[in-house]
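Notes follow once the structure below has been shown.
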Amino acid sequence: MATKRADKAPARPAKPAKGTDVSRSRERPARDAVPKRKESSAISPSKRRSLYAAAQYLSADVEREFGLQLPFNVFIQDPLVAREHPELGEDEQVWVQWEPGLADGPTSARFAVVDFNADTGNLAPAAQWNDELGSFVHGKTALNQTNAASLQFHQVNVWVLLQRALAFFESGNGLGRRIPWAFEGNRLIVVPHAGYGQNAYYDRVSKSLQFYYFGEEPDTVYTCLSSDIVSHEFGHAVLDGIRPYFNETASVQTAAFHEFIGDLTAILMSLQNGAFRKWLARKTGGDMSKAEQLSSIAEQFGRAAEGKPYLRSARNEESMSKVASSQSEHRVSQVLTGAMFDILMALSKHYAKARERTALQAFWDVAQRMQRMAIQPLDLLPPAEVTFRDYALAVVRAEELANPLDPHGYRKMLIKAFRGRGILSKRDEDELAEPRYLYWRPKLLVFHDIDQLSGSRAAAYRFLDDNRDELLIPAMQDIVVADLYDASKLTREGNRLPRQIVLEYIWREHVPLKGRQFGQFNGQSATLLCGGTLVFDETGTLLSWMRKPGTVGRTLRHGKHLGTKLDKAWAAEVQEGQQRRDDLLRSAAAELAAGRVGVVAGSEKGLLGTRLPPVTAESDRDVVTFRLSPHLSLSGDDDDDDEGERRWEISS
Ligand SMILES: [Zn+2]
């Protein structure tokens with residue numbers, strides 16, 4: 001593992017967590033230089049397979065030499081950028097991990113490309129896997145930029161981008177664990193030419209990513225060829241997989257968080273690309289504030305569909321107060337995207353100056369650092385109804401855990417960025433500045449061994465139930481363990497953080513909807529999702545605990561409040577729960593008033609197509625559940641804009 005620079009070293013393999021297959025989840029930083037690679041035919045299939053089993057101990061160079069990583073040819077950004085900046089178009093070799101199960105489609109462990117066009121009814125022939133060539137072919141031709149117009153090249157292009165994006169989230173610089181999907185099944189279906197339209201979707205119900213195309217040849221815009229669009233939609237799929245309850249809400253901010261993750265994924269995946277970084281360094285001389293190609297999301301789409309140089313920009317002046325009355329999740333998301341881009345710019349400035357790095361080196365540092373700073377905190381988030389503030393606090397806490405001494409003052413920089421956008425308050429800032437212990441153990445009634453409680457959901461439930469009072473969980477609520485997993489994350493220079501055990505739990509409260517503002521739902525009840533996410537290290541120390549309280553208070557053991565610390569904690573918890581209930585009522589009324597809620601009957605759930613309401617309401621007896629549309633899209637349809645004319649019908 002000889003390497004020139006420590007921060008580029010392939011990370012040491014993380015200790016495999018119990019019951020998880022981490023053989024492919026180790027870090028593989030992309031190299032700029034393409035090493036000489038022997039033809040993959042030089043190694044027999046059986047030898048490749050045994051090397052693959054040991055791949056976590058191999059460096060990227062060795063993997064590439066022996067065909068465990070394969071080079072592919074894809075569009076770096078999109079065909080328009082490629083035309084206008086040829087150096088950002090072709091000849092880029094991006095590396096994808098070989099897998100034993102690669103097959104026609106392309107099909108891999110987690111994706112299956114199915115090129116069915118619902119408008120024409122045409123099922124395009126699939127790109128075929130050729131094990132000898134180590135590439136996908138159509139007929140006898142290897143698929144690359146020379147046949148970029150073929151549907152089969154499109155299939156490979158989108159698959160390569162997705163494989164890389166998945167590796168980005170699963171690597172130690174990301175979540176350090178395998179990502180589940182939010183649906184039954186392990187292969188996300190990818191439809192590169194789903195039909196004619198100006199959009200792209202992630203759809204949980206049909207377990208798919210759907211990419212549409214529009215315009216006349218030769219200027220047809222294929223959304224499956226845009227790395228920003230593919231990354232954005234994949235961001236939805238990942239977030240839905242790791243926090244499936246985020247879609248059960250009427251809150252614009254939670255919907256906007258989904259959009260934020262989409263755009264953040266697009267920005268960070270661009271930055272992962274070596275050719276793109278090189279070009280950016282040359283063009284900007286290291287000054288990120290000149291990096292429009294990075295902050296601009298979906299250039300070709302924006303120009304063709306909306307007549308703008310891009311669809312959205314991360315360099316914006318949005319703040320919480322400016323978007324306070326907006327019901328558009330795409331607009332609201334820009335506050336948080338903007339804050340993270342502020343952080344990215346501050347980091348690049350810092351790296352260029354403090355470390356005396358060249359612009360190119362500084363961009364590499366920024367790419368790595370941003371991946372850790374922005375992605376790792378996702379595991380700390382509460383299981384439901386996330387707010388921008390929750391994310392900001394998670395980012396600050398994750399940074400504190402990874403970098404407790406903070407010699408460069410990153411935490412202050414993070415807090416400043418979130419304060420600047422109105423995401424954190426002055427009070428938050430003051431509280432975060434107070435000296436405190438890095439770790440603490442909750443005072444529990446019944447101690448459980450961490451190995452035991454992390455062993456199964458049933459065991460985790462008993463831990464929660466045994467300690468309801470201390471964990472601020474109401475005595476009578478039936479709680480559910482929403483998820484339980486281990487993660488092996490990395491910090492700088494490939495150092496391993498302590499293993500994290502993450503336990504998410506939820507319960508539901510019914511909130512009566514009373515008044516004409518609730519239209520046909522007047523007299524029914526909505527559900528308030530409550531719960532929390534506990535993160536322990538391997539010794540049982542509590543690293544993080546984010547909660548979404550309900551309105552039900554403590555069952556008193558001795559019949560009266562004693563004014564203890566725990567009494568006070570409960571009182572604060574209930575107060576926050578009441579606030580959440582009021583927010584739910586307000587959001588539901590606002591979404592209904594804006595005509596953004598559609599009623600979904602059972603038969604419509606699997607509907608494909610481009611028009612679904614942003615929020616759906618499902619009534620079951622007297623309980624109504626508000627959900628984000630199963631279609632999480634790239635851009636607002638007209639119904640999604642603040643001035644939108646389309647109103648979704650609600651039967652009366
Ligand atoms: Zn989206």
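Annotation for LYS353 and THR220: the two label points, set 7 Å from Cα along the Cα-Cβ direction, are 5.0 nm apart. Inter-part distance, region 175-246 to region 566-589, computed on C-alpha centroids, equals 35 Å. For an R0 of 22 angstrom, estimate the FRET efficiency from the Cβ-Cβ distance between ASN403 and ARG441 and round to the nearest 0.05. According to the calculation, E is roughly 0.50. Around the amide H of TRP98, modelled in the peptide plane, lie the amide H atoms of GLN69, LEU70, all under 5 Å away and 5 or more residues distant in sequence or on another chain.
Our note on the geometry: Cα centres of region 101-140 and region 45-87, 18 Å apart. Database remark: amide H of VAL74 closer than 5 angstrom to the amide H of GLU92, VAL94 (H placed geometrically; neighbours at sequence offset of 5 or more, or on other chains; Pro and chain starts carry no H). Computed from phi, the 3J(HN,Hα) profile of region 313-329 under the Karplus parametrisation 6.51, -1.76, 1.60 (θ = phi - 60°) reads 10, 7, 8, 9, 10, 5, 9, 4, 5, 5, 9, 3, 9, 7, 9, 9, 5 Hz, with x in place of Gly and Pro.
Positive-end ranking of ALA149, ILE179, THR120 along the dipole of region 83-181, with charges on Cβ about the Cα centre, is headed by ILE179. Here the 3J(HN,Hα) profile of region 162-173, calculated from phi with Karplus coefficients 6.51, -1.76 and 1.60 at θ = phi - 60°, is 6, 4, 5, 5, 5, 4, 4, 6, 7, 5, x, 6 Hz, Gly and Pro shown as x.
Using a 1.4 angstrom probe on the protein heavy atoms only, line up GLU259, GLU356 by accessible area, largest first.
GLU356, GLU259
The solvent-accessible area of THR491, taken with every protein chain present and a 1.4 Å probe, is close to 20 Å². One Cα centroid belongs to region 429-449, the other to region 325-382; the line between them spans 27 Å. Estimated at the nearest 10 Å², the accessible area of MET373 is 10 Å² with a 1.4 Å probe. By how many degrees, between 0 and 90 and to the nearest 10, does the Cα long axis of helix 252-272 differ from the longest principal axis of the chain? With rounding to tens, the tilt is 30 degrees. Here's how it looks for ALA127: its modeled amide H is under 5 Å from those of GLY105, which are all 5 or more places away or on a different chain. Solvent-accessible surface (1.4 Å probe) assigned to LYS568 amounts to roughly 140 Å². In terms of packing, defined here as the mean over residues of other Cβ atoms within 10 angstrom, the peptides 152-165, 195-208, 225-238 line up highest first as 225-238, 152-165, 195-208.
Could you sort the peptides 329-335, 385-391 by per-residue average Cβ neighbour count (10 Å cutoff), highest mean leading?
Highest-to-lowest ranking by the protection proxy: 329-335, 385-391.
Think of region 432-509 as a dipole: +1 on every Lys or Arg Cβ, -1 on every Asp or Glu Cβ, centred on the Cα centre; then among VAL446, ASN495, LEU471, ASN495 lies furthest on the positive end.
For a test of the definition: using alpha carbon positions, the gyration tensor, and the 1.5 limit on a/c, classify region 77-147 as rounded, prolate or oblate.
Judged from the Cα gyration tensor, region 77-147 comes out oblate (a/c at least 1.5, b/c at or above a/b).
Computed 3J(HN,Hα) for region 100-114, one whole-Hz value per residue from the Karplus formula 6.51 cos²θ - 1.76 cosθ + 1.60 where θ = phi - 60°, is x, x, 4, 8, 3, x, x, 10, 9, 3, 10, 9, 9, 7, 10, glycine and proline marked x.
Divide by every residue of the chain the summed helix terms, -39500 (n - 2.57) for each DSSP H run of at least 4, and state the resulting mean residue ellipticity at 222 nm, rounded to the nearest 500 deg cm²/dmol. The helix contribution divided over the chain gives -10500 deg cm²/dmol.
Ordering of 578-584, 484-490 by packing is 484-490, 578-584, highest average first (other Cβ atoms within 10 Å, averaged per residue).
The values are calculated or read from the model by the stated rules, or taken from the named source; none is laboratory data. Being a predicted model, the structure only gives us computed values, none of them experimental. Backbone-built Cβ (ideal geometry, glycine too); neighbour counts: all protein chains shown. With ligands, DNA and RNA removed, areas are computed over all heavy atoms of the protein, side chains included. Shrake-Rupley method; radii C 1.70, N 1.55, O 1.52, S 1.80 Å.
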